[in-house]
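Working notes, structure below.
Each value in this text was obtained by applying a stated rule to the coordinates, not by laboratory testing. Treat the numbers as computed from the prediction; the structure is a model and nothing was measured. For neighbour counting, all protein chains shown are included, and Cβ atoms are generated from backbone atoms with ideal geometry for every residue, glycine included.
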Amino acid sequence: MFDIGNINWEGLLISSGITILKIIGIFIAFAIAKAIGNKIIDRAFTKLKEKEDITKGRALTLQRLAENIFSYTLIFILVATLFSIFGLSVASLIAGAGIVGLAIGFGAQGLVSDVVTGFFLLLEKQIDVNDYVTIGGIDGIVESVGLRTTQIRSFDGTLNFIPNRDITSVSNHSRGNMRALVDIGIAYDENIDQAIAVIQAACDRVASENPVITDGPNVIGVQSLGASDVVLRVIAKTENGEQWAVERELRKVIKAALDANGIEIPFPHQVTIHKSGEGPEKSFG
């Protein structure tokens, strides 16, 4: 036993070693508990997804929220356990946190607002995971709805973290059938009734081959008179998220049908004047 300057170095080393081992053990237990807890949550919500009375998006939303709450709970238990190892009172920690919370109450208003807004977003089922939404000028797919933030993945791949308190309005594009809209221009010299018949026949072929189309496509008639074309509008209803693919397919098939029937899709014409020594030369294109 070493006893230098009335300090029991051997006992201090042993005590420090035991404390370090306890801390390591706590972190290992934390990692194991988190892995097991997440696996249990995943299995529970996998069974929930199989039920017909809940959508897959809703189940994913609740699963992410449950994982979020579970993580916060584990972190609190970890911190409380570490405090107890160092001989600090958890009760005094909570009391101190309450005093500090009162002192910075105004600063914590944002956090409280985040949690309250997130709660109502979930309670009112305004958005779910995998929904296509517009929030605060950001378009994208919902990846997570948490207690503090909502994560929106833009179509260019950007992941946007939006504080829940900033969500003042939500446009959810994934509730009910979506609309596919295509405008096709034909030349003023073409027969409009013939063009409508050709386009409608092409739309009928697309509808018979594409199961994601729930209604239409139908040519609703002349939408506008452009500078060089008569614009015909086609509208269809599709399953959620399929409207863009249907629009692309309709444009392709309609273009081919109009070409096959000799119906012109016009393009803007320009007139240029070239001046020469003998006078102006005009060209049309």
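Here is how the numbers come out for the structure above:
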read-out	value
Tally of residues being more than 29 Å from the chain's Cα centre (by Cα) and closer than 13 Å to Cys203 by Cβ across the stretch 221-260	8
Scope the stretch 132-178; condition surrounded by 15 or more Cβ atoms within 10 Å (Cβ to Cβ) and closer than 30 Å to Ala256 by Cβ; matching residues	Tyr132, His173, Asn177, Met178
Flag for Val182 being within 19 Å of Glu249 (Cβ to Cβ), without any contact (Cβ under 8 Å) to a residue 40 or more places away in the chain and surrounded by 17 or more Cβ atoms within 10 Å (Cβ to Cβ)	no
Number of the exception - Gln126 against (1) under 30 Å from Gly216 (Cα atoms); (2) surrounded by fewer than 16 Cβ atoms within 10 Å (Cβ to Cβ)	(2)
